[in-house]
Amino acid sequence: RRAMSPAAVARGLALAALLVLSPAGAARQARRPNVVLILTDDQDVCLGGMTPLKKTNALIAQMGITFLNAYVPSALCCPSRASILTGKYPHNHHVVNNTLEGNCSSKLWQKIQEPYTFPALLKTMCGYQTFFAGKYLNEYGAEDAGGVGHVPPGWSFWYALEKNSKYYNYTLSVNGKARRHGENYSVDYLTDVLANMSLDFLEYKSNFEPFFMMISTPAPHSPWTAAPQYTKSFQNVSAPRNSNFNIHGKNKHWLIRQAKTPMTNSSIQFLDDAYRKRWQTLLSVDDLIEKLVKKLELNGELDNTYIFYTSDNGFHTGQFSLPIDKRQLYEFDIKVPLLVRGPGIKPNQTNKMLVANIDLGPTILDIAGYDLNKTQMDGMSLLPLLRGDKNVTWRSDFLVEYQGEGFNGSDPTCPGLGPGVTHCFPDCVCEDSYNNTYACVRTLSTSWDLQYCEFDDREVFVEVYNLTADPHQINNIAKTIDQEILEKMNYRLMMLQSCSGATCRTPGVFDPGYRFDPRLMFSNHGVRARRFSAQFL
């Protein structure tokens, strides 16, 4: 085949430009916005997690909308990320923890859920070119699940981290081929590598199809390795000393009560250091956002691009004397940042509606023009809220569910607690256990700001919080709240734990359309938090 002359190439490029700039081409692009989703790892919002991100605040929050009540249905990386990708609660996507046995990037996940994720639908049904860079699921790349050669359906360009977050000395799957990185800052620091890959995609992608990008950073997850220019930042910052910091979790589940109070000086020093380092790692994310927005602007694509910024779960640093982790039912672990800018979104808005990460998939598909009735997703499209539609009917509650992790044997640091605990610190404070398995209804209505939770343990332990009176969830009111409300919340929890698709969006306990039949309370031998069992995997 004869090579084209430079003049012919120039004519071809000019024709392509005319096609893109023609009224038909412009209308087609206007109908099909681009979407960028930035997902951080373990970034809280309750304890100041957004404070270091000055550029992100200016470029996304101030140019769009901040959701003040954004939550995850499971405060752990893999179940939460699976909820983002599928638009489903954990009891419907069956990823219950960060292990292969818990369905994290397992063969079963790959067979049953991956073909129906929202990126797969964007690519196959909506004609989007799709780009992924960063941490996918914690067990991605495991040899027992296809290794890094496995590229999930739905991705045109795939740059995924093997296993869990790191900053140096990691392996990427580059469209199914392993690429090893070392510890040279200029070429290996993962947050910057993701930024550069994203800019390259924006430079060389097709201009004839809309695009979706998902950029999933390691920050601010451990090991909290900051870029060298940021290792001296925030030297005077320490973890917030709010009213639930370093206090005993009285009237709470035994796992919270077992925490040593007051914490040792070494524990406090450790969590303060971790808090500072987390902020330091986020400064590179802030740089990534700035580069991305500038490139979109340079390309003339910013005005037709939605940018979402969120995290997979929150975090705690000393609350109820638990040193550092996530996975608990409290606001600091289940609440996350969610900022959005894009076409038709007015600047500098806040929204108090109750939203969850199961809404991201339906929202992005809605933006792409896909019929959501064709999906099995549990979430709702945020597009009416983003556009500022009037009289939008919205949810007043959602489900939180978690299956505790634990070792069969005793933890060597805490033999006195016996088998079943995990994630224990040197002073014998454990962050998780087998029976740290719970389900909650988180309600936010005009009259109530309430959380009702049941544990799947021998006690069927119950925790209830009125967050209007007690925003830091110090006082468990399970034994004093009105019995009728308790029964309704118990029944609503049972309903949500068995919901699927549209039944997950039925009226909550305090909605006008809610119907409660007390007789149903006594079916199925009473109600308790349904444990995820082998039959659901």
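The values are calculated or read from the model by the stated rules, or taken from the named source; none is laboratory data. Fair warning: this is a prediction, and the values are worked out from it, not measured in the lab. For neighbour counting, all protein chains shown are included, and Cβ atoms are generated from backbone atoms with ideal geometry for every residue, glycine included. What goes into the accessible areas is simple: the full protein's heavy atoms, side chains included, and nothing from ligands, DNA or RNA. Shrake-Rupley method; radii C 1.70, N 1.55, O 1.52, S 1.80 Å.
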Just one of the numbered conditions (1) closer than 21 Å to TYR189 by Cα; (2) of a type in the set (S, T, N, Q); (3) in a loop (DSSP other than H, G, I, E, B) is not true of THR261; which one?
(1)
How many residues of segment 35-52 are open to solvent by less than 10 Å² (accessible area, probe 1.4 Å) and over 24 Å from ASN138 (Cβ atoms)? The answer is 2
For segment 483-509, enumerate the residues that are open to solvent by 20 Å² or more (accessible area, probe 1.4 Å), under 22 Å from the mean Cα position of the chain (by Cα) and not hydroxyl-bearing (Ser, Thr, Tyr).
ALA502, ARG505
Looking only at segment 288-313, count how many residues are in contact with a helix residue (DSSP H, G or I) (Cβ under 7 Å, 6 or more places away or on another chain) and in contact (Cβ under 8 Å) with a residue 24 or more places away in the chain.
18
In segment 276-323, residues that are among the hydroxyl-bearing types (Ser, Thr, Tyr) and open to solvent by 10 Å² or more (accessible area, probe 1.4 Å) total 1
Using beta carbons and a limit of 8 Å, which pairs, at least six apart or on different chains, have the first residue in segment 146-157 and closer than 14 Å to GLN113 by Cα and open to solvent by less than 40 Å² (accessible area, probe 1.4 Å) and the second one modelled with pLDDT of 95 or more and part of a loop (DSSP other than H, G, I, E, B)?
PRO152/THR117; PRO152/TYR136; GLY154/THR117
Based on what the data block shows, is THR480 over 26 Å from ILE324 (Cα atoms), modelled with pLDDT of 90 or more, open to solvent by 60 Å² or more (accessible area, probe 1.4 Å) and part of a helix (DSSP H, G or I)?
no
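So which residues in segment 164-189 are in contact with a Leu (Cβ under 9 Å, 6 or more places away or on another chain), without any contact (Cβ under 8 Å) to a residue 40 or more places away in the chain and under 17 Å from MET214 (Cα atoms)? Write out each step before concluding.
We begin by selecting, within segment 164-189, every residue in contact with a Leu (Cβ under 9 Å, 6 or more places away or on another chain); these are 165-168, 170-173, 178-181.
Remaining after also requiring without any contact (Cβ under 8 Å) to a residue 40 or more places away in the chain: 170-173, 178-181.
Those that are in contact with a Leu (Cβ under 9 Å, 6 or more places away or on another chain), without any contact (Cβ under 8 Å) to a residue 40 or more places away in the chain and under 17 Å from MET214 (Cα atoms): LEU172, SER173.
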Kindly state which strands (runs of 3 or more DSSP E) lie completely within segment 337-431 and contain at least 2 residues that are among the hydrophobic types (A, V, I, L, M, F, W, C) and within 16 Å of PHE67 (Cβ to Cβ).
338-341
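Yes/no matrix, rows are residues, columns are (1) among the polar types (S, T, N, Q); (2) closer than 17 Å to SER216 by Cβ; (3) open to solvent by less than 10 Å² (accessible area, probe 1.4 Å):
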{"site": "ASN57", "(1), (2), (3)": "yes, no, no"}
{"site": "GLN62", "(1), (2), (3)": "yes, no, no"}
{"site": "SER83", "(1), (2), (3)": "yes, yes, yes"}
{"site": "HIS94", "(1), (2), (3)": "no, no, no"}
{"site": "THR99", "(1), (2), (3)": "yes, no, no"}
{"site": "GLN110", "(1), (2), (3)": "yes, no, no"}
{"site": "LEU122", "(1), (2), (3)": "no, yes, yes"}
Enumeration of residues in segment 229-240 that are touching a residue at least 60 places away in the same chain (Cβ under 8 Å) and either closer than 22 Å to TYR465 by Cα or open to solvent by 60 Å² or more (accessible area, probe 1.4 Å) (or both)
PRO240
Restricting to segment 165-206, count the residues that are under 21 Å from ASN98 (Cβ atoms), among the polar types (S, T, N, Q), in contact with a strand residue (DSSP E or B) (Cβ under 7 Å, 6 or more places away or on another chain) and assigned to a loop (DSSP other than H, G, I, E, B).
1
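So which of ASN265, ASN196, ASN251 is at positive phi, surrounded by fewer than 17 Cβ atoms within 10 Å (Cβ to Cβ) and either at pLDDT 95 or above or touching a Lys or Arg at 6+ places or on another chain (Cβ under 9 Å) (or both)?
Numbers: ASN265 fails: at positive phi; ASN196 fails: at positive phi.
Being at positive phi, surrounded by fewer than 17 Cβ atoms within 10 Å (Cβ to Cβ) and either at pLDDT 95 or above or touching a Lys or Arg at 6+ places or on another chain (Cβ under 9 Å) (or both) holds for just one of ASN265, ASN196, ASN251, which is ASN251.
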